[in-house]
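The values are calculated or read from the model by the stated rules, or taken from the named source; none is laboratory data. All values derive from a computational prediction rather than experimental measurement. So basically every Cβ, Gly included, is an ideal-geometry build from the backbone, and we count neighbours across all protein chains shown.
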Amino acid sequence: MKDFSKLIKTLEHLGYTVREFSTAKEASLYLTEAIQNCHVGFGGSKTLEAMGLFDLLSEKNAVHWHWFPQNNLSRAETLKKVRDAEIYISSVNGIAETGEIINIDGTGNRVAAISHGHQKIYLVIGENKIAPTFEDALYRARNVAAPLNAQRLGVDTPCAIKGDKCYDCNRPHRICRNLSVLWHKPTGAEYEIILIHENLGY
């Protein structure tokens, strides 16, 4: 089990609220108790999927996720619902013990939502996403998370075919098109970081 104390201290110094949980189940229980009677938007995330948060939060909230469109809504309509949500929940591609939070996106919906437009943002992070430095976290986002996501999507890119690293390709199906780095908690919204002592997502 990783020691989160250094990271927690750094994140709190940068303005974030931080919660630490031993298991994903404990984190899920906390989130279902903390989030009720709200409009919630989800970012694309294998972490959230593994935790079953969409179904859990849907019991007492209006939840929208473009991975699971509801009520015959189109993908575009669902993404608009997500953009209009009071609360946004996502994971990250990498986080440094020095405090930088890194995400890579294709369409930009997730990196945009994490940065602006919601009253509160929850970032749910398994310990496998934590790296010692900004450079290590960026490397992880580009060369670990992105190839795994490309493989999941079945796109025709070198990283999806080989699954070993980023090739900085120029393929039409390239998924690495937007890079977001939170150097400090953005103004205008509450941010809560959920750290979990389990390996979750990519």
Find all pairs meeting these conditions: Cβ atoms under 6 angstrom apart; at least six residues apart or on different chains; first residue within the range 173-197 and under 28 Å from residue 3 (Cα atoms); second residue exposed (fewer than 14 other Cβ atoms within 10 Å of the Cβ) and among the aliphatic types (A, V, I, L, M).
197/1
Counting only helices (runs of 4 or more DSSP H) entirely within the range 1-58, those with at least 2 residues that are in contact with a Gly (Cβ under 8 Å, 6 or more places away or on another chain) and either at pLDDT 95 or above or buried (at least 19 other Cβ atoms within 10 Å of the Cβ) (or both) are 5-13, 24-34, 46-51
Residue count, the range 67-88 (criterion: surrounded by fewer than 22 Cβ atoms within 10 Å (Cβ to Cβ) and assigned to a loop (DSSP other than H, G, I, E, B))
10
Output for the range 118-139, where each listed residue is within 26 Å of residue 30 (Cβ to Cβ), free of Cβ contacts under 8 Å to residues at least 60 places away in the same chain and surrounded by fewer than 23 Cβ atoms within 10 Å (Cβ to Cβ):
131
Can you tell me which residue is nearest to residue 41 (Cα to Cα) among those in the range 89-129 that are of a type in the set (S, T, N, Q) and outside any helix (DSSP H, G or I)?
90
Testing residue 112 on (1) crowded, with 18+ Cβ neighbours inside 10 Å; (2) under 12 Å from the mean Cα position of the chain (by Cα), one condition comes back false. Which one is that?
(1)
